[in-house]
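Following: one structure in structure tokens, then a few remarks.
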Amino acid sequence: MKVLFIEYPKCSTCRKAKKWLQENNIDFTDRHIVDENPTKDELKEVISKSGLPVRKLFNTSGNVYKSLNLKSKMDSLSEDEMLELLSSNGMLVKRPLVIGDNFALVGFKEEAYADILL
């Protein structure tokens, strides 16, 4: 099984997740979230495969999220508008993303990774 690992290399959570994947011999393709931002279609795929609402894909602790004052705007945005925002700037997307044939993981929780990948 090979998965797509979308990360921001300076992110400590991404580094922990990558280390976990390597230690557990999970085959992955690495992708920089800013250099190659997830597209709207990829984000829809993550929502579909993860079962998470689109709001859960936002990096709410990031500077871009805070500078755009998105916390106060979220309730007035449609799902499509949220996807447009997310696909416009990789720094808005919660990371890392791990996408497989029939699953998607958002963020890093070791138990969730083990349940799905081992």
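The values are calculated or read from the model by the stated rules, or taken from the named source; none is laboratory data. Just so we're clear, the structure is a prediction, and the values are computed from it rather than from any experiment. Neighbour counts run over all protein chains shown; Cβ positions are idealised from the backbone, glycine included.
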- Within the set of pairs 6 or more residues apart or between chains, which connect a residue that is within 19 Å of S48 (Cβ to Cβ) inside segment 62-87 to a residue that is of a type in the set (F, W, Y) and modelled with pLDDT of 95 or more with Cβ atoms less than 8 Å apart? M82/F58; L86/F58
- Any idea which residue in segment 51-103 is nearest to F28 (Cα to Cα), counting only those that are of a type in the set (S, T, Y) and in contact with a Lys or Arg (Cβ under 8 Å, 6 or more places away or on another chain)? S87
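Among the candidates G100, G107, G62, which residue alone is surrounded by 12 or more Cβ atoms within 10 Å (Cβ to Cβ), in contact with a strand residue (DSSP E or B) (Cβ under 8 Å, 6 or more places away or on another chain) and of a type in the set (G, A, S)?
Details: G107 fails: in contact with a strand residue (DSSP E or B) (Cβ under 8 Å, 6 or more places away or on another chain); G62 fails: in contact with a strand residue (DSSP E or B) (Cβ under 8 Å, 6 or more places away or on another chain).
After applying the criteria, what remains is G100.
Would you point out which residue out of K56, K18, K2, K49 is of a type in the set (D, E, K, R) and either in contact with a helix residue (DSSP H, G or I) (Cβ under 7 Å, 6 or more places away or on another chain) or surrounded by fewer than 14 Cβ atoms within 10 Å (Cβ to Cβ) (or both)? Walk me through it before giving the result.
Values: K56 fails: either in contact with a helix residue (DSSP H, G or I) (Cβ under 7 Å, 6 or more places away or on another chain) or surrounded by fewer than 14 Cβ atoms within 10 Å (Cβ to Cβ) (or both); K18 fails: either in contact with a helix residue (DSSP H, G or I) (Cβ under 7 Å, 6 or more places away or on another chain) or surrounded by fewer than 14 Cβ atoms within 10 Å (Cβ to Cβ) (or both); K49 fails: either in contact with a helix residue (DSSP H, G or I) (Cβ under 7 Å, 6 or more places away or on another chain) or surrounded by fewer than 14 Cβ atoms within 10 Å (Cβ to Cβ) (or both).
After ruling out the rest, the residue left standing is K2.
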- Query: Among all residue pairs at least 6 apart or on different chains, which show Cβ distances below 7 Å where the first residue, located in segment 8-32, is closer than 17 Å to N59 by Cα and the second is part of a helix (DSSP H, G or I) and hydrophobic (A, V, I, L, M, F, W, C)?
  - Reply: Y8/C14
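Aromatic (F, W, Y), touching a Cys at 6+ places or on another chain (Cβ under 7 Å) and under 18 Å from G107 (Cβ atoms), is that true of Y65?
Numbers: aromatic (F, W, Y): yes; touching a Cys at 6+ places or on another chain (Cβ under 7 Å): no; under 18 Å from G107 (Cβ atoms): yes.
When the stated conditions are applied, Y65 does not pass them.
Please state which one of L68, L92 is buried (at least 19 other Cβ atoms within 10 Å of the Cβ) and of a type in the set (A, V, I, L, M). Steps first, please.
On the way: L68 fails: buried (at least 19 other Cβ atoms within 10 Å of the Cβ).
Testing whether each residue is buried (at least 19 other Cβ atoms within 10 Å of the Cβ) and of a type in the set (A, V, I, L, M) leaves just L92.
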- Query: Any idea how many residues of segment 88-105 are of a type outside the set (D, E, K, R), within 16 Å of V54 (Cα to Cα) and out of contact with any Leu (no Cβ under 6 Å at 6 or more places or on another chain)?
  - Reply: 9
